[in-house]
Each structure stands twice: as structure tokens, then as C-alpha cells.
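The values are calculated or read from the model by the stated rules, or taken from the named source; none is laboratory data. Being a predicted model, the structure only gives us computed values, none of them experimental. Cβ: placed from backbone, ideal geometry, glycine included. Neighbour counts: every protein chain shown.
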Amino acid sequence: MTEKKAFIIVNTGSPECNIPSIKTFLKLFLSDKHVIRMPKVFWYPILYGIILRKRPVILLKKYQEIAINGTAPLLFYEKQLTKKLQMLDGMHNIRFFYANLYSRPYIEDILQICINENISDIKVLPLFAQYSGVTTKAVIDKFRKHDIDNYKLSFITEFYTNPLYIKALLNKLDFKHINADTPLLLAYHSLPQSYLKKENLYIKQCMNTSKLIAEAIGRRCPVYTVFVSKFGKGKWLKPSLADILQKLKNQNVKTVNLMSPGFMLDCLETIYDVKRAAFTFCKNEDMKVNYLPCLNDSNECVEFIASLIKQ
Ligand SMILES: C=CC1=C(C)c2cc3[nH]c(cc4nc(cc5[nH]c(cc1n2)c(C)c5CCC(=O)O)C(CCC(=O)O)=C4C)c(C)c3C=C
Ligand SMILES: [Fe+2]
């Protein structure tokens, strides 16, 4: 009998556009020890007393604004990407799934399907190009917690050096707009500075991703690494997107290109904290911003993931 195989792409997830779903999503996200490293006795009063009361209302409006056909963009693209992978030639012996850390379908749900269907070889792709304890490790630990005898479990991580990933990102750039006067800003999710001792690898990998992109475009324009989506108080990784836009404004720069290689799929963070934040700044300052979407369900992204499966 041939071995049954599954390939699972995994992300943080996104809630449905209603308050209870957003509350559950935030509760799971912000109770995860990979994400919040403060002792629970100090953290829970803030989480339950303030965040879970106030933030869902603010987020509901944002998720409603960015929804695609009523669905959060991250969930929309995960579904599309999985469908396109399943339709690829030569992949009919593999079942493709998407799963999430903090929203439906949860990792546990997909693992249960694999068990029910006697799938014994499971390959997991956490959709984070740069390794972080917050994201990649959270995915690996969740799968390992449910590890069961008699099935093979493997992970594909830290794929930022993969030439097909870089090629897929480059494909988003319009080379007509790449010149010495038009800086390219590359956005990655920020982290609290207090995490840096353990997360040195993450920063190095973000910087190296930017270097690989700069080299691939022949250093034809200035390239800046920026960190976005600071959450709460305290010091986070810098420079922020706002810091660099202000610096470029002071240098009289008129146009910038902007993309988010730290995110495979467009989501609240890329649409609000990257795209909208830059548009708002540039509108006020009379600058132009070309926002380049994430890889999402593009053919180049499908081709890149297919190459990982064949490895
Ligand atoms: C301390 C809090 C957080 C850390 C650290 C953090 C790191 C981190 N996050 C991503 C990717 C995503 N984050 C997303 C949403 C999100 N992130 C946090 C908090 C931290 N993230 C919160 C509270 C939320 C929920 C939304 C909000 O309240 O602003 C998402 C999904 C967004 C969506 O569309 O639903 C992604 C993806 C990375 C890569 C990362 C560190 C490397
Ligand atoms: Fe986040």
C-alpha cells in the first residue's frame, strides 16, 4: 500500500468578522507563552482587564474594512493557496491543508483529519520566511505536542535564502520604478527589545533577507529594513517604518517602493501597519508610495512552495 501524505501550510490565523471570534483569537494569541514572555500573574490582569475589553471593538472595524468577500485576507489567501497547490500536476498523491495557531482551522483539527485518513507522512510549512520563537517555534511545538507514533512529521523552516522565494518577491517589483532616487523599504514584524537575547537569529535573518533582495536587484536603489506592528508599551525593534519615512522626507525623497518580505500573506499587519500607515504619511507629506502586495496566492508563490515539496 502506498504511504498517504499531507502538506500543511500554517500561519497565525485571523478571526471571523465578529466580536466573539476576535476575542477568542486575541485570547489564544496573547496567552501563548511563545508570544508573551511576561509572567502570567502580571500579564493576565492586563489581558483580561484591558485588552480583551477594548481591542476587539477597534479590530472589528479594521477587519471589516479589509475583508475580501467577507473573509479576513490571511484566511482568504491561505484557502486560495491551498486550492492552487492541490491542483498542481503530479501532486495528486498529497493532501494539502492550511492550519492556524490561533484561529480555525486549528492545527489540532487538521491533525485529527490526517489521523482519520491514515495519513502517515506529514510535511509542515510555517509560512514565516525568517525563524522566530514567536512564530516558527510556536508552530513546531504545537505539532510536536500532538505527535503520535507511526507517523513521520517534518518541518520546512527559515526559507528566506531560497532563490525561488527571492525570485517570487522580485517579481512583484516593477523594474521601471527601481532607481537611485526611489528607495525600497522592506517591512518585517517587530519584536520587543526584551526578546532580543533569544531572537538574535530573527533580526539577522531579516537583515539578510534585505541584503539578498538588494543584491538580486543589482543594488540599483537604496534599500531599508523597517520593523512594524509594535504592540503595547515598551521598546520594540527599530527603525520603524515611520522613522525611515521621516528620514527620507527630510532628504527630499519623492517616491518610495514598499514591500513586506516578513509576511507571506497580506493580513491586518501589512494592510494597516504597512500599506495604510505609509499612504497616510506620504499623503500628508506629498510623497508617493508604491505598495507591493505579499506573495499571497501568486503563481510564483505556488511554484516556490511546489519546489519545497519536491526537495
Ligand atoms: C507581543 C505581541 C506580539 C508579538 C511579539 C508578535 C510577533 C509577530 N507576529 C507576527 C505575525 C502576525 N501577527 C499578527 C497579528 C497580531 N500580532 C499580535 C501581537 C504580537 N505579534 C497581535 C495582538 C495580533 C492581532 C492583531 C492585533 O491586535 O493587532 C498576524 C495576523 C494578522 C491578521 O490579519 O489577523 C500575523 C501574520 C510575526 C511574523 C511576529 C514576529 C516575528
Ligand atoms: Fe503579530
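Below are the figures for this structure:
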| item | result |
| --- | --- |
| Selected residue [within 23 Å of residue 115 (Cβ to Cβ) and within 20 Å of the chain's Cα centre (by Cα)] from 85, 26, 75 | 85 |
| Cβ pairs under 9 Å, 6+ apart, first in the stretch 77-104 and more than 14 Å from residue 11 (Cα to Cα) and assigned by TED's automatic domain parsing to the domain that holds residue 126, second of a type in the set (Lys, Arg) and part of a strand (DSSP E or B) | 86/95; 93/5; 94/5; 94/123; 95/5 |
| Which numbered condition residue 215 fails, given (1) of a type outside the set (Lys, Arg); (2) farther than 25 Å from residue 268 by Cα; (3) within 12 Å of ligand 1 (Cβ to nearest atom) | (3) |
| Qualifying residue in the stretch 284-295 (condition: surrounded by fewer than 17 Cβ atoms within 10 Å (Cβ to Cβ), under 28 Å from residue 33 (Cα atoms) and modelled with pLDDT under 95) | no |
| Matching residues in the stretch 281-306 - criterion: being under 20 Å from the mean Cα position of the chain (by Cα) and assigned to a helix (DSSP H, G or I) | 299, 300, 301, 302, 303, 304, 305, 306 |
| Odd one out for residue 67, checked against (1) more than 30 Å from residue 306 (Cα to Cα); (2) within 11 Å of ligand 1 (Cβ to nearest atom) | (1) |
| Residues being in a loop (DSSP other than H, G, I, E, B) and not β-branched (Val, Ile, Thr) - total across the stretch 1-35 | 14 |
| Lone qualifier among 60, 74, 47 - being within 16 Å of ligand 2 (Cβ to nearest atom), touching a residue at least 40 places away in the same chain (Cβ under 8 Å), not basic (Lys, Arg) and not in a loop (DSSP other than H, G, I, E, B) | 74 |
| In the stretch 196-229, the residues that are within 16 Å of ligand 2 (Cβ to nearest atom), at pLDDT 95 or above and closer than 23 Å to residue 138 by Cα | 202, 203, 206, 227, 228, 229 |
| Residue ranges of helices (runs of 4 or more DSSP H) in the stretch 122-230 with at least 1 members outside the structural domain of residue 95 (by TED's automatic domain parsing) | 163-170, 200-216 |
| Residues of the stretch 130-142 satisfying the condition of being among the hydrophobic types (A, V, I, L, M, F, W, C) and more than 9 Å from ligand 1 (Cβ to nearest atom) | 138, 139, 140 |
| Pick from the stretch 251-280, criterion under 26 Å from residue 220 (Cβ atoms), in contact with a Pro (Cβ under 9 Å, 6 or more places away or on another chain) and in a helix (DSSP H, G or I), ranking: nearest to ligand 1 (Cβ to nearest atom) | 270 |
| Qualifying positions in the stretch 263-274 - surrounded by 24 or more Cβ atoms within 10 Å (Cβ to Cβ), more than 10 Å from ligand 2 (Cβ to nearest atom) and within 9 Å of the chain's Cα centre (by Cα) | 264, 265, 270 |
| Test: residue 66 is in contact (Cβ under 8 Å) with a residue 60 or more places away in the chain and touching a Cys at 6+ places or on another chain (Cβ under 9 Å) | yes |
| Residue selected from the stretch 113-160 under the condition in contact (Cβ under 8 Å) with a residue 40 or more places away in the chain and of a type in the set (Phe, Trp, Tyr), by the criterion nearest to ligand 2 (Cβ to nearest atom) | 128 |
